[in-house]
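Colleague: Attaching a single structure in structure tokens format; questions to follow.
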Amino acid sequence: MNMLFVWTTLITLCSAQVAAPAGQSTLIDFRNSEQATGWSAVNDGVMGGRSVGKLRRSDENGMNFSGTLSLENNGGFASIRSGRMDIRMGPEDGFRVKLKGDGRTYIFNLYPKTRRMAFSYRASLPTVAGKWTEVVIPLEDFTPTSFGRRVQNKGPLSPDQISGIGFMLSDKKAGAFNLEIESVNIEQSLVNDSQ
């Protein structure tokens, strides 16, 4: 049985840009504006909902995902997702996401190459209002979901089957939201380190 662990660590935001520490490799660094290309917003309007989620360059040189979550017309989600990516990692690795939120819990999505409608592997991204944090999630802790519900009898996602990533809000709380994302790194050997 896999042990779920999510580390959230408050960190000081530095203006200097530094390389990823040993044991990490940079997947996306949104301080580089070119790395924001290929991303798009997908909101519940595709199903008749009225949520509005958009992405733009943030004032702190990251990616800003903001808007308003609406529960009208059976809606309730807003998301952004990358284009196709080449992600190289092992099954024992995971992701380290540096973000600043509004206190709401967001979702980190992994999209498999064999895409099905409304299907992804998900993990929670808790935020602390107004503070930069880092959340570390082992690959084995992502849960297969379809239309927001856990899919039974579906094994873990193989790293070579990941085609893209995304961020979503669907916490059933109507109102404005704001999430800034600075970077996503591959964190190596999380499973071995945790045992």
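Colleague: How much net charge surrounds Asn185 when only the other residues with a Cβ under 11 Å from the Cβ of Asn185 are counted, with Lys and Arg +1 and Asp and Glu -1?
Modeller: Here the count lands on -3.
Colleague: Putting +1 on Lys and Arg Cβ atoms and -1 on Asp and Glu Cβ atoms, find which of Ser82, Ala174, Ile137 reaches farthest to the positive end of the dipole of the chain.
Modeller: Ala174
Colleague: Here is a further query. Provide the descending list of Cα extents for the range 36-91 along its principal axes, expressed in whole angstroms.
Modeller: 39, 32, 19 Å, listed from the longest principal axis down.
Colleague: Still on this structure, I have one more. Output the relative contact order of the chain, whole-number percent, from Cα pairs under 8 angstrom with separation of 6+ residues. Could you put the intermediate results ahead of the total?
Modeller: Numbers: 484 pairs, mean separation 61.6, N = 195.
32 percent.
Colleague: Go through Asn109, Gln24, Val46 and say which Cα lies farthest out towards the positive end of the charge dipole of the range 24-121; charges sit on Cβ, +1 for Lys and Arg, -1 for Asp and Glu.
Modeller: The Cα lying farthest towards the positive end belongs to Val46.
Colleague: I've got another one for you. For a quick check of understanding: with a 1.4 angstrom probe and all protein chains in place, what accessible area in square angstrom does Ser25 have, to the nearest ten?
Modeller: Around 40 Å² of this residue is reachable by solvent.
Colleague: Continuing with this model, one more query. So for the chain, taking the charge dipole from beta-carbon charges (+1 Lys/Arg, -1 Asp/Glu), which of Asn64, Asn153, Ser189 sits furthest toward the positive end?
Modeller: Checked the options; the winner is Asn153.
Colleague: Separate question: Taking 0.36 nm per residue of separation and subtracting the Cα-Cα distance, what length does fully extending Asn73 through Val46 add?
Modeller: Gain in length upon complete extension: 8.6 nm.
Colleague: How large is the dipole of the chain about the Cα centre if only Lys and Arg carry +1 and Asp and Glu carry -1, each at its Cβ, rounded to the nearest 20 debye? Let's see the in-between values first.
Modeller: On the way: 22 positive and 19 negative charges, 148 e Å.
Using only the charged Cβ atoms, the result is roughly 700 debye.
Colleague: With every protein chain left in place, what is the accessible area of Met63 in Å² (1.4 Å probe, nearest 10)?
Modeller: Result for Met63: roughly 10 Å² accessible.
Colleague: On to the next question. In Å², and per residue, what accessible area does the chain have when probed at 1.4 Å with the other protein chains present?
Modeller: About 52 Å² of surface per residue is accessible.
Colleague: Something else about it: For a test of understanding, tell me how many lysine pairs in the range 73-195 have Cα atoms under 26 Å apart, given they are 8 or more places apart or on different chains.
Modeller: 11
Colleague: Same structure, new question: With only alpha-carbon pairs counted, each pair once and no self-pairs, how large is the Kirkwood hydrodynamic radius of the chain in angstroms? It would help to have the intermediate numbers written out before the result.
Modeller: Values: mean 1/r = 0.0587 Å⁻¹.
Over the chain, the inverse of the mean reciprocal pair distance is 17.0 Å.
Colleague: Which order do Asp59, Asp93 take when ranked by solvent-accessible area (1.4 Å probe, heavy atoms of all protein chains), largest first?
Modeller: Result, largest first: Asp59, Asp93.
Colleague: Please give the length that would be gained between Thr26 and Asp86 if that part of the chain were fully extended, namely 0.36 nm times their separation in residues minus their C-alpha to C-alpha distance (nm, one decimal).
Modeller: Gain on stretching Thr26 to Asp86: 20.4 nm.
Colleague: If you put +1 on each Lys and Arg Cβ and -1 on each Asp and Glu Cβ, how big is the dipole of the range 118-195 around its Cα centre, in Debye rounded to 20?
Modeller: 560
The values are calculated or read from the model by the stated rules, or taken from the named source; none is laboratory data. Note that this is a predicted model, so its numbers are computed, not measured. Quick reminder, even Gly has a Cβ in these numbers, built from the backbone with ideal geometry, and neighbours come from all protein chains shown. When the accessible area is computed, the model is the full protein with side chains, heavy atoms only, and any ligands, DNA or RNA have been set aside. Shrake-Rupley method; radii C 1.70, N 1.55, O 1.52, S 1.80 Å.
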